[in-house]
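Here the structure comes first, spelled out in structure tokens, and everything after it is commentary.
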Amino acid sequence: MGFITVDKESWEKIVVVKEYIDENFCKDLNVTEIAEKFGLNPKVLTERFAYCFGVTVKKYILDKKRYKFMEMIRERNPKTPLNISGYGYELGFNSSASFRNFIKRSTGKTCTELMDEI
């Protein structure tokens, strides 16, 4: 990746994109759709977002989902049965398997192990 500069207008647009992601990260978002929504090239969006916030758009979205999951399991009623697939769907994953795999890859632990720790 070459040297990237971000002018004021571009910075403001990237901030609006971040705000959009913050409000919609529980949906099934992808970089291409976000870029189209804001009139940006996906590569340009990825580069500028990473320059401004230190992470790619995709990583930012996945981090938000992981943090939200951790918050959800901390706040859950311990008497409520575990519904891991419900958490996954609530966080915008299309299947419980993809959610479970994401959690295992990103934390090194299974959903159940994380829930038992908290």
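The values are calculated or read from the model by the stated rules, or taken from the named source; none is laboratory data. This structure is a prediction, so every number in the text was calculated from the model and none was measured. Here Cβ is always computed from backbone atoms with ideal geometry, including for glycine, and neighbour counts include all displayed protein chains.
Tabulated values for the structure
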quantity: Those residues of the range 51-62 which are in a helix (DSSP H, G or I) and touching a Phe, Trp or Tyr at 6+ places or on another chain (Cβ under 9 Å), in sequence order; calculated: CYS52, PHE53, VAL57, TYR60, ILE61, LEU62
quantity: Test: residue in the range 53-62 that is farther than 27 Å from GLU9 by Cβ and surrounded by 15 or more Cβ atoms within 10 Å (Cβ to Cβ); calculated: yes
quantity: Which listed residue, of GLY86, GLY54, GLY39, is in the same structural domain as THR110 (by TED's automatic domain parsing) and free of Cβ contacts under 8 Å to residues at least 40 places away in the same chain; calculated: GLY86
quantity: LYS68 vs. criteria part of a helix (DSSP H, G or I), free of Cβ contacts under 8 Å to residues at least 40 places away in the same chain and not hydrophobic (A, V, I, L, M, F, W, C); calculated: no
quantity: Residue tally, condition assigned to a helix (DSSP H, G or I), surrounded by 11 or more Cβ atoms within 10 Å (Cβ to Cβ) and basic (Lys, Arg), over the range 71-118; calculated: 2
